[in-house]
Structures are given as C-alpha cells and as structure tokens.
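Quick notes on the structure that follows.
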Amino acid sequence: MNETPYPPLPSLRRVVEEGAARLHRYPDRLAGALTAGLARELGVDPGSILVGPGSAGLCQHLVQALGPRPEVVHAALSFEGYPLIVRNAGATAVPVPMDGHGHDLPAMAAAVTARTRCVLVCNPNNPTGAALRRAELVDFLDRVPADVPVVVDEAYRHFVTDPDVPDAMDLYRAYPNVCVLRTFSKAYGLAALRIGYAVVPPALAMAVRVVGMVFFPGSLGQAAALRALEPDVTGELERRCAAVVAARDRLADGLREAGVAVPPSQANFLWLPLGERAGAFAGAARAAGILVAALDGRGVRVTVGSDEANDRFLAFARDHLG
C-alpha cells in the first residue's frame, strides 16, 4: 500500500491523543486553520486550497466538479484508482500507452480534444516510480489548451531526489490550468487519518469545494496535518524520507544484482517489470508472508519497508527470480 515503515512522529501522535477528548464535536468543515497554514506554507491565496480525504479523494472531487466534458486523459499504467475515479464521475477514461515506464506526454497532449474534461498526471508515477522532468512537463503544458485542467498528482513528492523533477507548485504559478494534489498519508505517516490537499485555480475552487463539503477530513487529521507544517516536524520528516530513499536505492541495487531490470524510482516503491510472471511471483510472495502489489501481465510494485523487511524480500526475490 506504499505506507511508510515508520510510526507517526511523536509530536503528531500527541496531537491525535489530545484531540480524542473532543470526539463528540464535529470537525471544521472548511478546515480553516489548516487551510490558512497551508496558504502560508505555500505562498498562495487560501481560496485556492482544498482540504480533503487524501489526494485520491480530492482527485475524485476534482474530476466530478470539472465537468461536463466527458473524457479524462491519463497514462495507461498509472494509479490504479484513476479509472474508478473517472467512472464514478460519470466520465470516460482515455488511457494513453506508456513511453517505457513513464508517461508519454506528447501522446497525451495529442489525446486532448474538445471532449477532454481534464488530464491526470502522476509524478512520480505510481506504480512504476518514473518521474517527469521540468522541460518535458513545460513542453506538455504549452501544448494543452488553457481551458483543460491538468491535475498533477504529487502523492510521492517527498521522496524525489532528482533536481530536474519540478515542484508542481512552480507549474501552478506559471500556468492557469494546473491543479496540484498532495497527501499527508505517505511521507508523514498519517494514512489512517485520510487527509490531503489540493491547490487549484481560484476560478475552479468553489465548484470543487461544494462537492467535498461533507464534514471531512475529521478534526484529528486536520490538527495533525497543521502540526506537521511546523519546522521541527519538517526537519524530522526530511530525515525519515532520506532514510527511505537510501533504503530504496539499496533494495534496487540488490534486485539488479539478482538480475531484475528494476527501472529508476523517485518514489517509496520499486517496479519489477515481470510481465506474465507477475501473478505467480506475487502469489509465491504471499505464501511466504510477503505482500506485494501485482498487475497481472505487467509487473509487481514493492513498497520500501524496514531494513529487515527489505532484506527478507530481497532474499525471496533472489530465490525466485535469480
């Protein structure tokens, strides 16, 4: 599930524990304090920020609110939730074949028509870990009409180390149609609280906000996310992400030494392009007490875990793929 191997930071856990005394009260449905904190952190108007149930939930809100055009363009091998999100919004998915393990942005731009409601871009991409770089994203955005929103899903932004991979907030400031999705579930370790945020053009914000106005996220998630913006938490977060990146690189090197063609990853997971062997490999892993995500006929995604878990998986992979 691409969860962090680390438990919540002590400071965030304390916020949740203290908030338990107020469980009989409804949360702030506008998430006012968190919205203001995010606005200060990002240097944007609070009216452009939407707080919601993780980046996936906010993606659902965006796709629903951006109608009525009937089609949504996305990469063919990307976040498995996109096709469901599109169907739930009453739209039709237009999956564009990949360029190797990454988005084929020229082909995606060519797939945009007068019927396109929006384009979904996952960067880094889930499940392959490939990241799009600044020049190719700029060229892509220059080709997409300004009235077609481009939603950049940055759920794994904190694990990016390639300096050529842009911060989508820079693209948001440069293009009037860019929307940015982020989450506190992955790097921050708040997956159980289901909280994330979107930064969208002000003209779109109200329509999306109405879709999600149902008293969520809860108060505990809002409080923990607001505390997560403080400098002391940010410093610890950076150290934890650096440790995950180091473990990711060690695991990738070990798999390559074992003969697995693991492509470069800028996320907290690795992609094993096993093709038709994916299902059998995942089944054998499950029998050995190791859970991986298999896309039958394509490959296997494995989340970077603790050193012990990584070593156990590497030993298993060597035995089954060597």
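Please treat every number below as a calculation from the coordinates, not as lab data. Fair warning: this is a prediction, and the values are worked out from it, not measured in the lab. Cβ: placed from backbone, ideal geometry, glycine included. Neighbour counts: every protein chain shown.
Report the trypsin sites (Lys or Arg not before Pro) located in region 227-322 that are in a DSSP loop and have at most 11 other Cβ atoms inside 10 Å of their Cβ, or state none.
none
Residue by residue through region 202-219, what is 3J(HN,Hα) from phi via Karplus (6.51 cos²θ - 1.76 cosθ + 1.60, θ = phi - 60°)? Round to whole Hz and write x for glycine and proline.
So the Karplus estimates, Gly and Pro as x, are x, 5, 9, 4, 5, 4, 6, 4, 5, 4, x, 8, 9, 6, 8, x, x, 4 Hz.
Can you tell me which of 62-69, 190-197, 25-32, 152-159 comes out highest on packing, and rank the rest after it, using the mean Cβ neighbours within 10 Å?
152-159, 190-197, 62-69, 25-32
How big is region 147-222 by Rg and Dmax over its Cα atoms, in Å?
13.7, 38
Just to check, using Stokes-Einstein with a Kirkwood Rh over alpha carbon pairs, what's the diffusion coefficient of region 130-189 at 4 °C and 1.567 mPa s in µm²/s?
Diffusion coefficient, whole number: 106 µm²/s.
Which Rg and Dmax, in Å, describe the Cα atoms of region 85-148?
Spelled out, the Cα radius of gyration and Dmax of region 85-148 are 12.0, 33 Å.
Using 1/(1 + (r/R0)^6) with R0 = 25 angstrom and r between the beta carbons of ALA174 and GLU238, what's the FRET efficiency to the nearest 0.05?
Efficiency, rounded to the nearest 0.05: 0.45.
Taking the chain on its own, what percent of its Cα-Cα pair distances exceed 34 Å?
24
In whole Å, what is the distance between the alpha-carbon centres of region 258-322 and region 131-154?
31
Between GLU17 and ASP167, what's the calculated FRET efficiency when r is the beta-carbon distance and R0 is 45 Å? Round to 0.05.
0.85
What percent antiparallel are the DSSP beta bridges of the chain, to the nearest 5?
50
Return the Cα extents of region 232-321 along principal axes one, two and three, sorted largest first, each rounded to a whole Å.
Answer, in whole Å and largest first: 46, 24, 23 Å.
Could you work out, for region 52-183, what percent of all Cα-Cα pairs fall into each 10 Å distance bin, beginning at 0 Å and stopping at the bin that holds the largest distance?
13, 50, 35, 2
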